[in-house]
């Protein structure tokens, strides 16, 4: 079934949120899930997908007020930022890293193959909770849908053999089915807005519904709280 990539074995967690506006309370329960298991310490915010410094500031206020967590933006906007030693050090110092939503293509272009991506993966192996929402969650798969909705591009491969569709509607699963034809994709994971799929070496924890496809012609299935599938 869906699992973390072998290279991410360790004590950390990956939490994928399907989307939603935190300012309207749409991710409140999802954020309660991942913050509840994240060790004390600073949370880093990566604005790479959106390019917005304001996003990080608003998120910091939200998480401080709602969960009492301190959040600092780690300014990785361009490829050169993903090589800066100061940013790499900060990634390693965080108990949690939240990758904000935006344009997944931009996120992958900046981070793929970079020292910052290596630092994120090392942090996860060492116990950090890495959170990705919306387009950033899609980038955690081995393949992802591009901005146009027609093109696909390689993701970070944090979930083995899995492609992810965020803001998923089970009545409109054609984009997820299209990703299943890509090399090395065995599972399609659909995450509606507000849902959270959190995985570690110890198993899966979830808030809200999540869906899985195992073939382009297969029936859509519902993931239960153990991360196994039931028929929709």
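The values are calculated or read from the model by the stated rules, or taken from the named source; none is laboratory data. These numbers were taken from a predicted model, which means no experiment stands behind them. As a convention, Cβ positions derive from the backbone with ideal geometry for all residues, glycine included, and neighbour counts pool all protein chains shown.
Computed quantities for the displayed model
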| quantity | calculated |
| --- | --- |
| Set 175, 145: member being surrounded by 22 or more Cβ atoms within 10 Å (Cβ to Cβ), under 26 Å from residue 22 (Cα atoms) and at pLDDT below 95 | 145 |
| Segment 210-226, residues that are surrounded by fewer than 18 Cβ atoms within 10 Å (Cβ to Cβ) and either part of a loop (DSSP other than H, G, I, E, B) or at pLDDT below 90 (or both) | 214, 215, 216, 217, 218, 219, 224, 225, 226 |
| Count - residues of segment 43-54 that are surrounded by fewer than 18 Cβ atoms within 10 Å (Cβ to Cβ) and either in contact (Cβ under 8 Å) with a residue 40 or more places away in the chain or not in a helix (DSSP H, G or I) (or both) | 2 |
| Residue check, residue 26 surrounded by fewer than 22 Cβ atoms within 10 Å (Cβ to Cβ), farther than 20 Å from residue 199 by Cα and at pLDDT 95 or above | yes |
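This table checks each residue for (1) out of contact with any strand residue (DSSP E or B) (no Cβ under 7 Å at 6 or more places or on another chain); (2) over 30 Å from residue 177 (Cβ atoms); (3) assigned to a strand (DSSP E or B); (4) modelled with pLDDT under 95.
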residue	(1), (2), (3), (4)
60	no, yes, no, no
77	yes, yes, no, no
88	yes, yes, no, no
108	no, no, no, no
113	yes, no, no, no
117	yes, no, no, no
121	yes, no, no, no
130	no, no, yes, no
150	yes, no, no, yes
